[in-house]
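In what follows, a structure is listed as C-alpha cells, so that the remarks can point back to it.
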Amino acid sequence: MTRGIRHGVAMAAGALLAATAWSAGGEAQSQALEVLQVRPNFYMIAGAGGNVGVQVGDDGVVVVDSGSAANADAVLAAIKKITTAPIRYVIDTNADADHVGGNEKLSQAGETLFTGRTIGLPSEFAGTAASVLSTENVLTRMSAAQPAYTAAALPTETFFYPRKYMFLNGEGIEVLHQPAAHTDGDAIVFFRRSDVIVAGDVLDTTRFPVIDVARGGTIDGEIAALNRLVDIAIPSVPIVSREVGTSIVPGHGRICDQLDVVEYRDMVTIIRDRVRDLIKAGRTLEQVKATDPARGYKARYGSTSGPWTTDQFVEAVYRSLAAAKS
Amino acid sequence: MMRRKTRLAACIVLAWCVAPAAADAQGRGGAAAPPAAAKASAPVDLTGYWVAFISEEWRYRMVTPPKGDYRGIPLTPEGTRVANTWDPAAAEPEPCKAYGAPAIMRIPGRVHIVWQDDNTLRLDTDAGTQTRAFRFSSAAAPAGPATWQGSSTARWESAGRGTGAGSLTVVTTNVRAGYLRRNGVPYSENATVTEYFDVAPHPAGGQVLIVTTVVDDPRYLQRPYIVSSHFKKEGDGSKWEPSPCTAAW
Amino acid sequence: MGTEPVHGRLVVLLLFALLTASPAFAQIDLAGSWGATNNEDLAGDSVPVDYTGVPLNPEGRIRALSYNESQYSMIERQCQGLPTFYFVQGPFGIKIWSDTEPVKGTTIAYTVGAWENRAPFVIWMDGRPHPSKYAEHTRGGFTTGHWEGNTLVAYTTHMKAGFIRKVGPPISDETTMTTRFYRHGDVLTVLAIVEDPIYLAEPQIMTRSFQLQTADLSPVGPPCVSAYQGRMPGESVPHFIPEQNPFVDEMTTRYGVPRDAALGMPETLYPEYRKKMKPGAARPGVCTINCVAAPPPANR
C-alpha cells in the first residue's frame, strides 16, 4: 500500500470516529469533577462535595459554595479552565464542610473587588483575597467548628437580615437568608438575569433534606425555603413544550427546574403532614418511626446507612415539630 | 507494481458494491431460483412459548366487562343492537365465541408457535385450546366451512438481507361469527383479520412479541378496529396449561 | 508515477463513502400525521384507584395510594404536563417529521410532535451521547435512536418524575424507556418499554397503534395558563394516608375487578392469576358509566 493510501485510510477512519462522537456544548472535565454549563455565563461544578455555582463575566467570577477541602484544588482548576478572570466573591449557602471546605483556597486564589482602596475603607474589605460572603450564623458556626477553620477560610462579609444584594457581571444577585431550614444559616442565591438559583442544601435531589436540628434547622423552615424556591422560579409557561425556565442548582444532585422543586417540596410536605398527624394523635417518636411515615419515598430518597438516613430524617421532622408544638 | 495494487483495491471495492445487485438480478432477468421455503427464509424466529402480559385493558380481558361497555369499539348501529342483546345472566351456549381469530390474541393465556411444515407456521393457545395455521402460500385458502380460527395466509416482511429484522403478516378470513369482547360485542362471518407479528428484546432478557390486530367488519364496525397485544417469551413450556373455552370470567 | 497518489486517493474516497453511507435498505419513512384509532387503553384513568396492568412494587403502590388528584388544582402543578410516553397511552394522534443535515442529507433527528400537555419527543439520530447524570431532566427526556432493519429504536433518559398512569401510579426520575416504531403500510404500532427501578417491579410494556391520515395534525399544543382553583401556592399538598384512600374498592364495586389487580400487584398481569379469581364473582350487570366512547375528534 502506498504511503498516500495509508495516510488517506487513516484520515478516513479518523473522520468516521469524529462523526460518531459528540461533544456536548460546554462540558469540560477536571479530574473527577464534572462541569456543566447552565447558561452562557453560568456553570455548575458537580462532584466537589456540594455543588458549586460559578458565574463569570467582565467583573470577575462569583462562586457559590466552594465544595469540600479535599476537592478545592480541583474546583479551582476547573474554574480556571472556564475563565482566567479573578474570583471576586465566594458566597456560602451554609456552614457544612462540603460547602465551605474550599473557601480558603478559592478566596486566596481570587482578588477582592476592593484592592487599592484602603483609605477610608472598613478594614474587613482591605486585602487581596476574594471576599467570602455568608449569613452571620454561618460565620458563627464556622468559628465554633472543631477542628477549627483557618481565619482565611472564614466569611469576611456577613449579614443577618433577609436579603443581601449586589450587581455584578451584568445582573442582580440576591443572597436570600432562609431561616431555620436546613440550618439556621441557610441562604439561597438568585442570579436574576441568568435566571439561576443556587439553592444549597435546602434542595438535595439525592436524599431527604438534611434537617440539622442541633444547628437550628426545622422542617417547617425547610418547607418554607422550598416554597420560596418555587415562588422565585418560573416554569416554562405558557409554552410548556419549550422546556425553558429558571434553573435551580441544588446542594447535591442534578440541575432542577421549578417542577422538580415542586416534586421535592411535595414529598417533604407529605411526610411532614404524616408525622404531624401522628404527633397530634399522641404518638411517641418510636411509634411514629414504626408507622414508617416516609413510605413511598424511601426507595428514591432514603438510606439505611451513611451520613443521613431515613431514620434520622424522620427523627428530625419529629423533633422539630415537637419543639414547635411545645 | 504499485499501480497493480491500486487497481486491485479498486476492483475489490467495486465488487463489494455490485455483488448484492448481481444476486438480486438473478431473480429478475437471470435464471430463476426456486423460492425459499418460509421456514428457511424467516427473517425472525417466532417459535417458542409466549405468555400474555396483560398490561393494557385488564378489565376487558381478564374479566368480562359489564353489558353496554363498548368503549373503544367503533360499532355500527347494527353492531350496537346485537351487542345489546347479550344477556350477562344467561349461560353462554358457545363459550368459544370469544376465542375466534379476531379476538384470540387478547385472551389471557399462552401461545406456542412451531413450524408445522416448511411453509406452515402453527400457533396453539392453551386458553381455549385453539389452533391456528398460518400458510405461506400465494394460492387462495382452501374453501370450507367457517371456523373459529378461519383460514390464514401469511407472508414475511423482511427489512432486507443481512439485517436480521422483519415481521410476519397474517390475513385471516372465513371465520365463524363471534365476540370481539366477551360482553357480547360481535364480529360477523364477514370479518377480515390482518395481523402483524413483531419481536423486540426484553430488557430483563428474552423477547417480547407484539401482535397488532386489525379487524375489518363492514357489518358491525364503522372502521377498522386496531389493537395491539404483547407477550413475553418463556424458556420452555413448563407453564403450558391447556384449558377449554370458558365464559367463567 | 505521478498518477499513483491520485489513484490511491480515489480508492480511499470510495472506502470512505462506503463506510459512512447509510445502508440503502435499512429505513422506512415514518413521517406524517398518524391518527389515533382510540380502540384500546381508554379506560385507564377513569377510576382513582385503577392500577390494573401496572406492575407496581410495594413502594410504587404506596405512592399511588397516597396520590390525590386534587393536586391538579395546585397552581404549581396545573401546567406540569404529562410524561413523554403518554403518546402511547393518550387519545391523540401524533405527527412525526425528520430534520435533515443540509449537506449530506442524513437524518439528524425525528420528532414526535407535542400535544397540549406533552412535550415534543425528539429522537437524535446523529450519535450524540446522553447528557450527564447532573443535567436537567425535561418533560420530553433525552432520546437517541438507531435503525434495526425497518424498525426505529429509541432510548430515552433524563425524564422527569411523574405518573405512568394519570390516576397516581408513579414513575421516578430514574426511569428510562425504549421505544420501537413498527410501520406496516398505513398502520404504525409503537412499543414502549418503561423501566423504573424505584417504583416498578418489572418493566412496563405498552403499545399503541396509529393510522396514517391525510389531515395534518398540529405538532404543537395550545399554551397552558394556570389559574386559582381554590388553593394558593404552597398552601397545602392534597394527599391521602395510603391506608385511608377512600377509592380503593371502586374498581371492585364498579367492574368486579379483584382488589389485588386494582392495586397493580405484578402477579395479576399474568394469565395464571385467574386461578385465584372466583369465576364470575361480582360481575356487574350493566355498564352505568364511561360505557361508550365518542368517536375521535375529526382532526386528531
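A few notes on this one:
- C:PRO197 within 12 Å of chain B (Cβ to nearest Cβ) and either at pLDDT 95 or above or surrounded by fewer than 19 Cβ atoms within 10 Å (Cβ to Cβ) (or both): yes
- Out of B:TYR70, B:TYR60, sole residue that is assigned to a loop (DSSP other than H, G, I, E, B), buried (at least 19 other Cβ atoms within 10 Å of the Cβ) and not basic (Lys, Arg): B:TYR70
- Taken together, A:ALA187, A:ALA152, A:ALA181, A:ALA225 contain a single residue that is closer than 21 Å to A:LEU133 by Cα, part of a helix (DSSP H, G or I) and in contact with a strand residue (DSSP E or B) (Cβ under 6 Å, 6 or more places away or on another chain), which is A:ALA225.
- Of all residues in the range A:138-157 being touching a Leu at 6+ places or on another chain (Cβ under 8 Å) and either of a type outside the set (Ser, Thr, Tyr) or farther than 14 Å from A:SER107 by Cβ (or both), the one that is surrounded by the most Cβ atoms within 10 Å (Cβ to Cβ): A:PRO155
- Condition met for C:PRO271 (buried (at least 20 other Cβ atoms within 10 Å of the Cβ), touching a Ser or Thr at 6+ places or on another chain (Cβ under 9 Å) and under 30 Å from B:PRO95 (Cα atoms)): no
- Listed by first and then second residue, the pairs with beta-carbon distance under 7 Å, at least 6 apart or on different chains, first residue in the range A:211-228 and within 14 Å of chain C (Cβ to nearest Cβ) and buried (at least 22 other Cβ atoms within 10 Å of the Cβ), second aromatic (Phe, Trp, Tyr) and in a helix (DSSP H, G or I), are A:LEU226/A:TYR264.
- Filtered by the rule that a residue be crowded, with 20+ Cβ neighbours inside 10 Å, under 22 Å from B:GLY166 (Cα atoms), among the small types (Gly, Ala, Ser) and facing another protein chain (nearest Cβ under 10 Å), the range C:138-186 gives a lone residue, C:GLY149.
- Criterion (within 11 Å of chain C (Cβ to nearest Cβ), part of a strand (DSSP E or B) and at negative phi) met by exactly one of A:PRO293, A:PRO250, A:PRO238: A:PRO250
- Checked against (1) surrounded by fewer than 19 Cβ atoms within 10 Å (Cβ to Cβ); (2) out of contact with any Lys or Arg (no Cβ under 6 Å at 6 or more places or on another chain); (3) more than 23 Å from A:PHE313 (Cα to Cα), A:ILE173 passes all but a single condition, namely (1).
- Looking at B:PRO102, B:PRO108, B:PRO65, just one residue is in a loop (DSSP other than H, G, I, E, B), surrounded by 16 or more Cβ atoms within 10 Å (Cβ to Cβ), assigned by TED's automatic domain parsing to the domain that holds B:VAL185 and touching a Gly at 6+ places or on another chain (Cβ under 8 Å), and that residue is B:PRO102.
- Residue within the range A:250-266 that is surrounded by fewer than 17 Cβ atoms within 10 Å (Cβ to Cβ) and either more than 21 Å from C:LEU65 (Cβ to Cβ) or among the hydrophobic types (A, V, I, L, M, F, W, C) (or both) present: no
- Residue match in the range A:103-123 (condition: within 28 Å of A:ILE232 (Cα to Cα), modelled with pLDDT of 95 or more and surrounded by 21 or more Cβ atoms within 10 Å (Cβ to Cβ)): yes
- Pair list, Cβ < 9 Å and 6+ apart or interchain, from the range B:102-122 residues that are in contact (Cβ under 8 Å) with a residue 12 or more places away in the chain to residues that are among the hydroxyl-bearing types (Ser, Thr, Tyr) and assigned to a loop (DSSP other than H, G, I, E, B): B:PRO108/C:TYR270; B:HIS112/B:THR47; B:ILE113/B:THR47; B:VAL114/B:THR47; B:TRP115/B:THR47; B:ASN119/B:SER137; B:THR120/B:SER137; B:LEU121/B:THR47
To keep it simple, each residue is scored yes or no on (1) farther than 26 Å from B:PHE197 by Cβ; (2) within 13 Å of chain C (Cβ to nearest Cβ); (3) in contact with a strand residue (DSSP E or B) (Cβ under 7 Å, 6 or more places away or on another chain).
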{"position": "B:THR64", "(1), (2), (3)": "yes, yes, no"}
{"position": "B:PRO77", "(1), (2), (3)": "yes, yes, no"}
{"position": "B:ASN84", "(1), (2), (3)": "yes, yes, no"}
{"position": "B:PRO88", "(1), (2), (3)": "yes, yes, yes"}
{"position": "B:ALA98", "(1), (2), (3)": "no, no, yes"}
{"position": "B:ALA101", "(1), (2), (3)": "no, no, yes"}
{"position": "B:TRP115", "(1), (2), (3)": "no, no, yes"}
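- Given (1) touching a residue at least 60 places away in the same chain (Cβ under 8 Å); (2) in a helix (DSSP H, G or I); (3) over 19 Å from C:GLU267 (Cα atoms), number of the condition C:GLU76 does not satisfy: (2)
- Residue in the range C:108-131 that is surrounded by 21 or more Cβ atoms within 10 Å (Cβ to Cβ) and under 30 Å from A:GLY251 (Cβ atoms) present: yes
- Criterion: at negative phi, charged (D, E, K, R), surrounded by 13 or more Cβ atoms within 10 Å (Cβ to Cβ) and assigned to a loop (DSSP other than H, G, I, E, B) - qualifying residue of C:ARG254, C:ARG231, C:ARG208: C:ARG231
- Residue selected from the range C:210-240 under the condition hydrophobic (A, V, I, L, M, F, W, C) and either within 29 Å of A:ASP266 (Cα to Cα) or at the interface with chain A (Cβ under 10 Å from one of its Cβ atoms) (or both), by the criterion farthest from the chain's Cα centre (by Cα): C:MET232
- Residue within the range B:85-96 that is in a strand (DSSP E or B) and either aromatic (Phe, Trp, Tyr) or within 27 Å of C:ASP41 (Cβ to Cβ) (or both) present: no
The values are calculated or read from the model by the stated rules, or taken from the named source; none is laboratory data. This one's a predicted model, so the numbers in the text were calculated from it and none came from an experiment. Cβ sites come from the backbone with ideal geometry, for glycine too, and all protein chains shown count toward neighbours.
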